Each structure stands twice: as structure tokens, then as C-alpha cells.
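The values are calculated or read from the model by the stated rules, or taken from the named source; none is laboratory data. Since the model is a prediction, treat every value here as computed from it, not as a measurement. Note that each Cβ is placed from the backbone with ideal geometry, even for glycine, and that neighbours are counted across all protein chains shown. Side chains included, ligands, DNA and RNA excluded: accessible areas come from the protein's heavy atoms. Shrake-Rupley method; radii C 1.70, N 1.55, O 1.52, S 1.80 Å.
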Amino acid sequence: MATGPSAARADTFEARIAALGAYIDAYVPEGPGPHPVVVLMHGCGGRRAHQTRWAEAARAAGVAALVVDSYAHRGISRLEAYATVCLGLRLWGRERAGDLYAALEFARRQPWADPTRLAAAGWSHGGWSVMDALALAPGDAMAQATGLSGLPEAPLAGLRATFLVYPYAGPSSLSARDGWRVAPQTLAVLGGRDVVVGVRTPRLVLEKMARAGAPVEIIWFETATHAFDEPEARDVRVRFDPALTAEAEEAFRGLLRRTLAPNARD
């Protein structure tokens with residue numbers, strides 16, 4: 001993901017909630033709730049089949065999962081995404097952070113959701129977006145970065161945990177430069193053979209967050225490539241690893257159980 005201009009399109013927060021909500025897939029546990037909720041943010045290639053499996057893993061832990069499609073409402077095709085978003089030419093993480101804010105508000109408005117028990121999970125570009133969402137401060141800077149007017153003062157209210165899987169954290173990431181304004185319990189899964197986002201930078205940035213006091217835990221898979229959890233990936237740089245995927249999914253469920261249980265503390 002190279003650096004490049006990031007042009008956030010002008011929109012209102014309410015309009016973004018409506019536009020994004022039309023393309024959110026919800027996986028809700030049985031029973032009336034209120035259920036805790038985790039928002040799933042896809043990588044730069046767009047919504048993929050493997051995210052359904054992650055959503056089902058969350059539901060098995062008693063947590064509702066909202067799978068967000070950041071491209072459908074923008075009219076970005078998969079081919080366009082690979083040619084522009086994956087190369088850093090459009091839709092930087094700070095702009096897409098607005099999608100996370102909108103998805104969390106969408107969750108708060110559902111009758112089956114507990115607005116005080118929320119989490120966010122991001123893969124690659126989605127991880128970048130989640131991290132930038134933690135870094136942005138409310139006000140003019142957040143509005144300019146996301147392209148959204150009418151943002152609430154606390155768009156991350158109720159957020160207790162984040163789960164980051166091979167996140168981009170390079171020069172375009174706000175985390176490396178600014179740190180996190182909000183620091184929920186964070187679990188990051190990184191790979192020792194990741195040539196897409198790199199091996200060294202994500203780990204250094206997350207360790208920096210931990211030294212600054214953020215509750216960050218890193219799971220290091222020495223043999224994992226980028227997209228190690230995606231059986232459908234068609235990229236010579238990645239290799240699906242079912243054993244590591246199962247281990248990561250169990251860690252994901254564990255994080256959700258620890259942080260989103262009814263008696264868990266913020």
C-alpha cells in the first residue's frame with residue numbers, strides 16, 4: 001500500500017449510516033438480547049467469503065457480528081479496489097474510519113444490540129481503518145479526515161475491544177504518527193512471512209502503542225503470510241493455513257468473551 005492523496009468525499013454522518021446499513025450483513029445469536037456486537041471490516045480486496053466464517057465464530061461466542069461492505073455504497077468494484085484502494089490511491093484508512101463510526105452507530109440503533117458492549121475487527125486495510133479510527137480526535141480534524149459532517153462527540157462510545165489481523169500500519173497510518181486517542185483491549189495477529197503489509201512495521205507500531213499504555217497483545221505466527229485465513233485467496237504472495245486460522249479464530253472468540261461478557265468492565 002503506497003502513500004498517495006486521500007480525498008474524503010463530503011457526506012453527512014446520517015447519510016453514511018443509511019448508505020452503509022443497506023449493505024451490512026448481520027449475524028445475530030438466538031434470543032432477544034441485548035447482544036454484544038462486533039463490526040467486521042474487510043481488507044482492500046473487499047467483502048470476501050471468509051468473513052462469513054469469522055462472523056459465525058463471533059456468533060458462536062454469543063456476539064452479534066456486522067459484516068460491513070465499504071465498497072458497495074461507493075460503487076467500487078473489486079477490480080477498481082485492487083487497482084486503487086490496495087495501491088493507496090483512494091480511500092485511506094482515516095477516511096474509511098468514518099465507516100466504522102457509522103457501523104457502530106448502526107449497531108447501537110438495533111433493538112437486539114447492547115450499545116455498551118461493542119468491538120471492532122479489521123483485516124489488512126480494515127485493520128488500518130480501525131487503528132485510524134482510534135487515533136482521530138473529534139472535531140474538525142475528524143470531519144476532514146472522514147469527509148463526514150454531523151459526527152457525534154464520542155463515535156467510539158461503548159467500544160471495548162479491537163481485533164486486528166495483519167493490519168497495514170505504514171507511513172499513511174495515523175497510528176504511527178499520532179498514537180491512539182482511544183485504546184480498548186486490542187489483540188493483533190501478525191505474520192512472519194507477510195510481504196504485503198510487511199513484517200516489521202505493524203509490529204513496531206503496535207509495540208509502540210503498548211509502551212504508551214494501550215492494552216495491546218500480539219499473536220505472532222512466524223510462518224503466516226498475509227491472508228493466511230482466506231482459502232479463496234488467489235495471490236502468489238499468500239498461503240492459506242487452516243491450523244493457524246483455527247488458532248486465530250479461537251483467540252478471536254476468547255477476546256470477545258473476555259471483553260464483551262455482561263460483567264466485563266470498560
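Hey, got the dipole for the chain? About the Cα centre, +1 on K and R Cβ, -1 on D and E Cβ, debye to the nearest 20?
Roughly 280 debye, rounded to the nearest 20.
If the only charges are +1 at each Lys and Arg Cβ and -1 at each Asp and Glu Cβ, what is the size of the charge dipole of segment 1-157 around the Cα centre, to the nearest 20 debye?
340
Ignoring ligands, DNA and RNA, what accessible area per residue does the chain give at 1.4 Å, in Å²?
Here the residues of the chain average 40 Å² of exposed surface.
Can you find, among Ala119, Val238, Tyr168, the residue sitting farthest towards the positive end of the charge dipole of segment 88-238, where Lys and Arg contribute +1 and Asp and Glu -1 at Cβ?
Tyr168
At R0 = 30 Å, how high is the FRET efficiency between Val236 and Ala15 if r is their beta carbon distance? Nearest 0.05 is fine.
Step by step, r from the Cβ atoms, then E = 0.15.
Taking the highest mean first, how do the peptides 132-138, 64-70, 81-87 order by number of other beta carbon atoms within 10 angstrom per residue?
64-70, 132-138, 81-87
Provide the per-residue ³J(HN,Hα) series for segment 234-245, in order, calculated from phi with Karplus coefficients 6.51, -1.76, 1.60 and θ = phi - 60°, each as a whole number of Hz, with x at glycine and proline positions.
Computed from phi, the couplings for segment 234-245 are 10, 9, 5, 8, 10, 9, 5, 10, x, 5, 5, 4 Hz.
Give me the number: length gained by fully extending Ala243 to Thr52, i.e. 0.36 nm times residue separation minus the C-alpha to C-alpha distance, one decimal in nm.
Extra length from Ala243 to Thr52 when fully extended: 67.0 nm.
Based solely on its DSSP helices, what 222 nm [θ] is calculated for the chain when runs of n ≥ 4 H residues each add -39,500 (n - 2.57) and the sum is averaged over all residues, nearest 500 deg cm²/dmol?
That calculation yields -10500 deg cm²/dmol at 222 nm.
Would you grab the residues whose amide H sits under 5 Å from the one on Ile218? Only those 5+ places off in sequence or on another chain, please, with H modelled 1.01 Å from N.
Amide H neighbours of Ile218, under 5 Å, 5+ apart: Ala188.
Considering the chain as a Gaussian network with a 10 Å cut-off on Cα pairs, which listed residue, Thr162, Thr245, Thr186, attains the greatest mean-square fluctuation?
Fluctuation is largest for Thr245.
Of Leu89, Ala55, Ala10, which is farthest on the positive side of the dipole of the chain, counting Cα position, with +1 on Lys and Arg Cβ, -1 on Asp and Glu Cβ, and the Cα centre as origin?
Comparing the listed Cα positions along the dipole, Leu89 ranks first.
Between Arg59, Arg94, Arg211, which gets the highest mean-square fluctuation from a Gaussian network model of the chain, Cα cutoff 10 Å?
Arg211
Residue by residue through segment 175-192, what is 3J(HN,Hα) from phi via Karplus (6.51 cos²θ - 1.76 cosθ + 1.60, θ = phi - 60°)? Round to whole Hz and write x for glycine and proline.
With the stated coefficients, segment 175-192 comes to 4, 4, 8, 10, x, 9, 7, 10, 10, x, 4, 10, 10, 10, 10, 10, x, x Hz.
Rounded to the nearest 20 Debye, what is the dipole magnitude of segment 184-224 about its Cα centre when Lys and Arg each give +1 and Asp and Glu each give -1 at the C-beta?
In total the dipole reaches around 140 debye.
Leaving ligands, DNA and RNA out of it, report the carbon-plus-sulfur percent of the accessible area of segment 175-229 at a 1.4 Å probe.
So the carbon and sulfur contribution to the accessible surface is 49 percent.
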